[in-house]
1. Kindly indicate whether I59 is surrounded by 11 or more Cβ atoms within 10 Å (Cβ to Cβ), touching a Lys or Arg at 6+ places or on another chain (Cβ under 6 Å) and at pLDDT below 85.
2. Which residues, counting only those in region 130-141, are of a type outside the set (K, R) and touching a residue at least 24 places away in the same chain (Cβ under 8 Å)?
3. Going through region 165-211 one residue at a time, which ones are among the polar types (S, T, N, Q), surrounded by 15 or more Cβ atoms within 10 Å (Cβ to Cβ) and assigned to a loop (DSSP other than H, G, I, E, B)?
4. Which residue out of V167, V130 is touching a Leu at 6+ places or on another chain (Cβ under 6 Å) and not charged (D, E, K, R)?
5. Looking at region 142-177 only, could you name the residues that are of a type in the set (D, E, K, R), over 23 Å from G207 (Cα atoms) and within 28 Å of the chain's Cα centre (by Cα)?
6. Among the candidates C161, C119, C144, which residue alone is assigned by TED's automatic domain parsing to the domain that holds E107 and modelled with pLDDT under 95?
7. Take the conditions outside the structural domain of S120 (by TED's automatic domain parsing) and at pLDDT 85 or above and apply them to K40. Does it pass?
8. Applying the selection to region 57-95, what residues are over 22 Å from L43 (Cβ atoms) and assigned to a loop (DSSP other than H, G, I, E, B)?
Amino acid sequence: MGATPRPLVAEAGIEPASRSLLVSILCYLDPMTHARKISKARLDYLANPHKCHYCGGSILPRTNERLFETKKKKFCNRHCSSTYNNAAFPKRKRRPRHCFICKKRIEYERPDGYIRKLCSECLKGYRTRVGGKTKKQTSPRAICSHARWQTRSRQQRCISCNYDRHVETCHLKPISKFSPLDQVDTINNPKNLILLCRNCHWEFDHGLLVL
């Protein structure tokens with residue numbers, strides 16, 4: 001009975017819509033016929049699979065995935081899908097950034113995604129103005145930022161353990177030891193700044209490391 005459903009249906013003169021329904025019923029009644037039909041369709045698809053719209057690779061069915069679900073796919077994985085769709089249909093356009101002081105357009109963007117507020121020229125002038133202020137007039141965050149800017153041209157390596165993946169700017173004389181009337185340029189004097197990794201920095205601040 002497994003090999004006779006199609007000839008019997010074709011000889012009965014049934015319309016195509018009813019014929020496909022009857023074939024599905026016969027395949028359901030005979031599981032072996034249904035299994036052979038699915039296996040043959042899967043083998044035919046594997047012989048000539050659909051191609052990914054982005055990379056051109058074959059779109060293959062996953063484990064326990066139905067064949068009709070595989071045929072509906074246009075990409076082989078999520079990476080190809082997101083890369084293709086984001087390039088072809090961007091969600092939003094990046095707005096141009098302008099300097100808060102001179103209103104010029106900021107062309108350079110940092111690779112870590114930080115949104116700059118000042119252009120290079122105004123940023124340099126800002127650093128100079130911060131250096132001329134006193135400790136009382138400047139926030140601790142601005143002092144530390146100015147200290148990092150002072151050591152930007154040095155080799156980014158810990159002077160204690162030679163670690164170079166991540167270093168921090170450390171003050172030999174702590175900021176708390178300076179008078180509120182001392183200028184930031186005095187606090188962040190290059191002779192008072194060293195580069196340490198995070199572990200060595202913590203040990204130096206707690207008196208466990210002597211330089």
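1. Spelling it out, it is not the case that I59 is surrounded by 11 or more Cβ atoms within 10 Å (Cβ to Cβ), touching a Lys or Arg at 6+ places or on another chain (Cβ under 6 Å) and at pLDDT below 85.
2. Hits for region 130-141 are V130, G131, G132, T134, T138, P140.
3. N188, N189
4. Exactly one of V167, V130 is touching a Leu at 6+ places or on another chain (Cβ under 6 Å) and not charged (D, E, K, R), namely V167.
5. R152, R165
6. Criteria check complete, one pass: C119.
7. Taking the combined requirement at face value, the residue does not satisfy it.
8. K74, F75, N77, F89, P90, K91, R92, K93, R94, R95
The values are calculated or read from the model by the stated rules, or taken from the named source; none is laboratory data. These numbers come from a predicted model, not from an experiment. Cβ coordinates were reconstructed from backbone atoms using ideal geometry, including for glycine residues, and neighbour counts include every protein chain displayed.
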